[in-house]
2 protein chains.
Amino acid sequence: MPKRNSNDVSQEPSKRKATSIDIAYKAGVSQSTVSRALSGSPLVSEETRQRIQAIADDMNYTVDKNASNLRSQSTKTIALLLADDPTTDDSHINPFFLSLLGGITHSTAKRGFDLLVSFQQLSQNWLADYEEAHRADGLILLGYGDYVSAKDKLITLKNAGAHFVLWGPNHKELPGHSVGCNNEQGAFLVTEHLLSQGLKKLAFLGDISPSNPEFHTRYIGFNQALKKYSTSNNPTQGLQVDAHNTEAAGKHAVEELLNNHHDLQGLVCASDTIAFGAIKALHSKGLKVPKDICVTGFDDMAAAAYITPSLTTIRQSTAQAGELLVQQLMQQIQSTPVESITLMPKLVIRDSSLAKISNTP
Amino acid sequence: MPKRNSNDVSQEPSKRKATSIDIAYKAGVSQSTVSRALSGSPLVSEETRQRIQAIADDMNYTVDKNASNLRSQSTKTIALLLADDPTTDDSHINPFFLSLLGGITHSTAKRGFDLLVSFQQLSQNWLADYEEAHRADGLILLGYGDYVSAKDKLITLKNAGAHFVLWGPNHKELPGHSVGCNNEQGAFLVTEHLLSQGLKKLAFLGDISPSNPEFHTRYIGFNQALKKYSTSNNPTQGLQVDAHNTEAAGKHAVEELLNNHHDLQGLVCASDTIAFGAIKALHSKGLKVPKDICVTGFDDMAAAAYITPSLTTIRQSTAQAGELLVQQLMQQIQSTPVESITLMPKLVIRDSSLAKISNTP
DNA sequence: GTGCATTAATAAATTCTTTAATAAATATTG
DNA sequence: CAATATTTATTAAAGAATTTATTAATGCAC
């Protein structure tokens, strides 16, 4: 009964992928020794290890990931699920998430993990597809912060014992852990920045429905700053207009606002994208930013520094966020207890908010 | 000899993942029938199929991907390898690739494939890691268009029988197939657009070393347009300054240029990012775009429309490119013969290039 | 230096879960 | 009832990891 594998090798070296049995045959050892040698097990002598390694290299052998994973019941892979955002125009990915992806990829690679990227409609039953199916050891969820509609899914995930981290606010009602930016604080900082320059009448541009908790929280920070800076003889005034996270929505919101409020001094936009649209709309109405009206954003997307006037905004470090998301997930996988993390946002002051120094041409 | 699996189930339902054996036991059929039923094989009656499906759903069963892959020797996964670009500032991903990623993700998902995303230094030996290790059925390579340094790797890939597509120019020296934009044509279009307005003295901003074939090809298109519009009594003039794909490089290039050439009329930038830097530098020198000097980009990144003045550029449809990359790869996997594809770029005219209508504030 | 326990190194057998090929059983039809 | 069609069961991979078994080598007491 000759070993089938060992014979075939001689026929077509490059045609068939070598297996550990082939290596074992060539090295004159058993398959198990090959497996252990290549994984650096102390149960195999250094001498045979090197001999086996040399043969493996020579035969261009690589461990079959599927077989290895099946046996060891782990995948060394994490899945990144991006919620397909129906509010965004086209099928474009939220640029902030795309940027986050960069950080996450680096952080997973650093740990020798693969990253599986996938889009999922919020409505679909993606629970089963990843950790359950042994495709990944853990999940990173982007865009599932909408606890109203995602809550049930997350509870199911939690009950199934899946490992997952959520990007977003750390809401008590949501199961699991999250890494997110302190949206309240961010909005507070940027609003305070405007108020400290003496502005009194501001508007918040962003959808504050409960299905959009991030914007909602930013709105709270906006109001807190207004309250702090309000005095009885010189009260602050705060408006709000709904706007989804698109440029078009930003334009729209501005048009709606300016019809009724000609004395607006500043726009606190819930995202950079909204701010881009708002600035465009203001320009087309003949208003100059920041001379006539100040505008601020949130996210510090790459374009924020490019536009004219450059946009004052809140920076969320995607590299740091990505690293923390991965870190937290790894800890969960290793059954280390974790806590949700809130990142402190940073105010980035640029031209669009400088009321006094009207340096726009 | 009782079936171990079937017994365990009763102890801890949510603790252990159900296998097809468990389903079979519960349904009173054999394991193979379960496998066939769930994969929709015609060899199993509709009635039993539904019964088994119901039980599987009930027990929250999912096919183990690793076992399935191991057995069927396919992965239903493709790997996206991004070349870690050392020329870009920080470890930021080329934003154009990030955008391409969006298209690719959608296209792979549409076909029921998973997408594995990974960064790889050009120098690393990533050949073995993917198709060889049965992690993916095929590879999409972004940023490996530099055939000088990537050529050997690609030849090895090719010889190993791997399936891969390259994003980039279809260079004869490179093995394998590619999907890319007609860079020559794109640069020609944008240059022609400037020349047709009567501009005569232009500069190309971009690194044209052979290690950057895309920029190099764009430079060729630039020169072709110059040649076409040159007349003996009114010759065109074309300069060139090296610039890597960063904003800083764009700034630098402009500073270098303006020292010696005060009469420059237009800048053809090899990428939008370079153009952003160039415009900033021009503004800080007190020059107005497009009144004093016209600027064009290449890529049509999201920010191109946001900046002031909005940037005239060449659009490469990332959605279409992604779809074609995936499509080509799938054909290779199915052993259908494929041809390299060249996409026709589209000129997007915005404010930054309108020499006559000086509508910059 | 022999006998026995101990340790190291390796081999053999089993396991992970699924799919595919083949065999067997049942149902259907001429 | 034989012959075919349909359905289900059995068995055999797929390739690596791991548990258990085996062999060889070493240490120590007598």
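Kindly establish whether B:Ala355 is farther than 30 Å from B:Thr105 by Cα, away from chain A (no Cβ under 11 Å) and either surrounded by 16 or more Cβ atoms within 10 Å (Cβ to Cβ) or of a type outside the set (Ser, Thr, Tyr) (or both).
The answer is yes for B:Ala355.
Among the residues of the stretch B:78-85, are any surrounded by 19 or more Cβ atoms within 10 Å (Cβ to Cβ), modelled with pLDDT of 80 or more and either in a helix (DSSP H, G or I) or near DNA strand C (Cβ under 8 Å from one of its atoms) (or both)?
no
Which one of these does A:Asp146 not meet: (1) at pLDDT 90 or above; (2) within 19 Å of A:Ala321 (Cβ to Cβ); (3) acidic (Asp, Glu)?
(1)
All but one of (1) in contact with a strand residue (DSSP E or B) (Cβ under 8 Å, 6 or more places away or on another chain); (2) buried (at least 24 other Cβ atoms within 10 Å of the Cβ) hold for B:Phe276, so report the exception by its number.
Every condition holds for B:Phe276 apart from (1).
Confirm whether A:Asn245 is among the polar types (S, T, N, Q) and assigned to a loop (DSSP other than H, G, I, E, B).
Yes, satisfied.
Considering only the stretch B:257-266, I want to know if a residue exists there that is over 17 Å from the mean Cα position of the chain (by Cα) and in a strand (DSSP E or B).
Yes: the stretch B:257-266 contains one or more residues that are over 17 Å from the mean Cα position of the chain (by Cα) and in a strand (DSSP E or B).
Within the stretch B:25-77, which residues are more than 9 Å from DNA strand D (Cβ to nearest atom), within 30 Å of B:Leu139 (Cβ to Cβ) and exposed (fewer than 15 other Cβ atoms within 10 Å of the Cβ)?
Within the stretch B:25-77, B:Ser39, B:Gly40, B:Ser74 meet the criteria.
Within the stretch A:267-298, which residues are part of a loop (DSSP other than H, G, I, E, B), within 13 Å of another protein chain (Cβ to nearest Cβ) and β-branched (Val, Ile, Thr)?
The answer is A:Val289, and nothing else.
Among (1) in contact with a Gly (Cβ under 7 Å, 6 or more places away or on another chain); (2) at pLDDT below 90; (3) β-branched (Val, Ile, Thr), where does A:Ile307 come up short?
Among (1) in contact with a Gly (Cβ under 7 Å, 6 or more places away or on another chain); (2) at pLDDT below 90; (3) β-branched (Val, Ile, Thr), A:Ile307 violates only (1).
How many of the residues in the stretch A:91-137 are under 25 Å from B:Gln120 (Cα atoms), within 16 Å of DNA strand C (Cβ to nearest atom) and at pLDDT below 80?
1
The values are calculated or read from the model by the stated rules, or taken from the named source; none is laboratory data. Note that the structure is predicted; figures quoted are calculated from it, not measured. With ideal geometry, Cβ positions are generated from the backbone for all residues, glycine too; neighbour counts draw on all protein chains shown.
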